[in-house]
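The values are calculated or read from the model by the stated rules, or taken from the named source; none is laboratory data. What you see is a predicted model, and the numbers here were worked out from it, not measured in a lab. Here Cβ is always computed from backbone atoms with ideal geometry, including for glycine, and neighbour counts include all displayed protein chains.
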Amino acid sequence: MTLRVAVIGVGHLGKHHARILSSLPGVELVAVADINRPRADEVAAARGCLAVADGRELIGRVDAVTIAVPTEIHCRIALPFLQARVPVLVEKPMARSLDEADEMIAAAADAGVALAVGHTERFNPALAVARPLLADPRFIEVHRLGTFPERSLDIDVVFDLMIHDLDVVLSLVNSDVESLEAVGIPVVTDRVDIANARLRFANGCIANLTASRISRDRVRKIRFFQSKAYLSIDYAAQKVEVFRLVQGAVPVPFDAAQGRPFDAAQGRPFDEAQGRPSIEGGEIAVTNEEPLARELTDFVNAVVSRRAPVVTGEAGRRALAMAGQITDKIRLGT
């Protein structure tokens, strides 16, 4: 079976959806849609598919769609497809409000089709390698710093950048958020351009997240501190480092006759260095892959096999809700 797919919105990110989908096995990129018709024509010509200005023309002609339009119209674009029983992957944040997110989730449930949310970092190979090594982290430190963009200025930095890490953290910490603190300021736009949030979970874990879109350097890192171990992920470089505390040999009993520790098995005085803990570790192997390709492959497989995608509408809603709570804290200054 060939899955007929279309991309709605082929700007900064959507053009990459089209590039990847046009090359996936078992997938036919039928069309791209964009209100900027010359842009749609350009992408369609490059990918050998149809171009339209209004995505609604494609209902009944495709088996699934991905949506990469501005956040404020995610719901308006997605609902007609979901109501027509067409599976949808919508970019993050999934909607501009929780009410709209709920509409989309309900429509997908009523139609019995997949609704996926494009939290691409969940598909980063470095995170996939690191996930099995995480064991009840106690402190999580996140830095996502970017240079001033020419995109996503319709939303503040919490919804633009930090929401990636909110989704990752919420997927890793098996506990509810008990409290949060947040600060943020607009610097070069009328929306928040740099923000910090501190989440305290009911299980005692604390996550400290910083996001900026006005930095000189690009940084996308997350670090985990847990019992006797430290783990660092560089999302951009797709690198993972792990360091563990390794206990030394257990000291032998003190030999009262000799007045000192004595290693009876070796017949010599005990070397105290054997009993000292040490830090061991370093970089571990990661097979580099494009996260967006992994994400779109998961969506296609979910549609074909009729299973839930890795990042469901409910997961997208949870990240959206937390981002909303953070922005509320910033706005109210509490």
With criteria (1) touching a Leu at 6+ places or on another chain (Cβ under 9 Å); (2) assigned by TED's automatic domain parsing to the domain that holds M104, N301 comes up short on (1)
If you take the residues of region 68-110 that are among the β-branched types (V, I, T) and in contact with an Asp or Glu (Cβ under 9 Å, 6 or more places away or on another chain), which of them is modelled with the lowest pLDDT? T71
Among the hydrophobic types (A, V, I, L, M, F, W, C), out of contact with any Lys or Arg (no Cβ under 7 Å at 6 or more places or on another chain) and either more than 23 Å from I105 (Cβ to Cβ) or at pLDDT below 95 (or both): which single residue out of A273, A302, A308 fits that description? A273
R318 is checked against (1) modelled with pLDDT under 95; (2) of a type outside the set (G, A, S); (3) part of a helix (DSSP H, G or I); (4) closer than 29 Å to R122 by Cβ and fails just one. What number does that condition carry? (1)
Hits in region 131-181 (condition: among the β-branched types (V, I, T), farther than 21 Å from G11 by Cα and assigned to a loop (DSSP other than H, G, I, E, B)): V173
Need pairs with beta-carbon distance below 7 Å; first residue in a loop (DSSP other than H, G, I, E, B) and charged (D, E, K, R) and within region 201-216, second at pLDDT below 95 and surrounded by 21 or more Cβ atoms within 10 Å (Cβ to Cβ); sequence gap 6+ or separate chains. R213/V157; R213/D160; R213/L161; R213/D193
Looking at region 113-123, can you tell me whether even one residue there is farther than 15 Å from P309 by Cα and modelled with pLDDT of 95 or more? no
Can you tell which of V86, V65 is in a strand (DSSP E or B) and aliphatic (A, V, I, L, M)? V65
Residue under evaluation D110, criteria (1) part of a strand (DSSP E or B); (2) not assigned by TED's automatic domain parsing to the domain that holds V240, criterion not met: (1)
Please give the number of the condition A128 fails out of (1) assigned to a loop (DSSP other than H, G, I, E, B); (2) under 12 Å from the mean Cα position of the chain (by Cα). (1)
Answer yes or no as to whether A229 is under 15 Å from H143 (Cβ atoms) and touching a residue at least 12 places away in the same chain (Cβ under 8 Å). no
Against the definition (in a strand (DSSP E or B), charged (D, E, K, R) and within 19 Å of A319 (Cβ to Cβ)), how does R198 come out, yes or no? yes
Identify the residue in region 59-84 that is in contact (Cβ under 8 Å) with a residue 12 or more places away in the chain and farther than 15 Å from A6 by Cβ and, among all such residues, is farthest from the chain's Cα centre (by Cα). Q83
